[in-house]
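Engineer: Got a structure here, written out as structure tokens. Questions coming.
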Amino acid sequence: MNLSSHLQELHKKHQNLSEQVETAQRNLATDDLQITDLKKQKLVLKQEIERLSHT
């Protein structure tokens, strides 16, 4: 997998997590810890995207 396709895959995962966070926040039954975990995963992906984009 080349860098470009890897970055595309990371962007897709980041977008998917964004959608999951939005859905979880709209659902009153969702645990705050679950939302926090999704946000942390999203942040890790964002940092990886930024790191790879600047190499």
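Engineer: Please go through the range 14-55 and give me each residue that is touching a helix residue (DSSP H, G or I) at 6+ places or on another chain (Cβ under 8 Å), aliphatic (A, V, I, L, M) and within 30 Å of ASN2 (Cβ to Cβ), ordered by number.
Structural biologist: Hits for the range 14-55 are LEU17, VAL21, LEU38, LEU45, ILE49, LEU52.
Engineer: Please verify whether LYS46 is among the basic types (Lys, Arg) and without any contact (Cβ under 8 Å) to a residue 24 or more places away in the chain, treating the condition exactly as stated.
Structural biologist: On the way: among the basic types (Lys, Arg): yes; without any contact (Cβ under 8 Å) to a residue 24 or more places away in the chain: no.
Answer is no for this residue.
Engineer: Identify all residues within the range 1-16 that are of a type in the set (S, T, N, Q) and under 10 Å from ILE49 (Cα atoms); write none if there are none.
Structural biologist: Of everything in the range 1-16, just one residue is of a type in the set (S, T, N, Q) and under 10 Å from ILE49 (Cα atoms), namely GLN8.
Engineer: Within the range 17-50, track down each residue that is acidic (Asp, Glu) and in a helix (DSSP H, G or I).
Structural biologist: Within the range 17-50, the subset acidic (Asp, Glu) is 19, 22, 31-32, 37, 48, 50.
Result: GLU19, GLU22, ASP32, ASP37, GLU48, GLU50.
Engineer: Got at least one residue in the range 31-41 being in contact (Cβ under 8 Å) with a residue 40 or more places away in the chain and surrounded by 12 or more Cβ atoms within 10 Å (Cβ to Cβ)?
Structural biologist: There is no residue in the range 31-41 that is in contact (Cβ under 8 Å) with a residue 40 or more places away in the chain and surrounded by 12 or more Cβ atoms within 10 Å (Cβ to Cβ).
Values in this text are rule-based calculations from the coordinates and carry no lab data. What you see is a predicted model; the values in this text were computed from it and never measured. Note: ideal-geometry Cβ built from the backbone for every residue, glycine included; neighbour counts use all protein chains shown.
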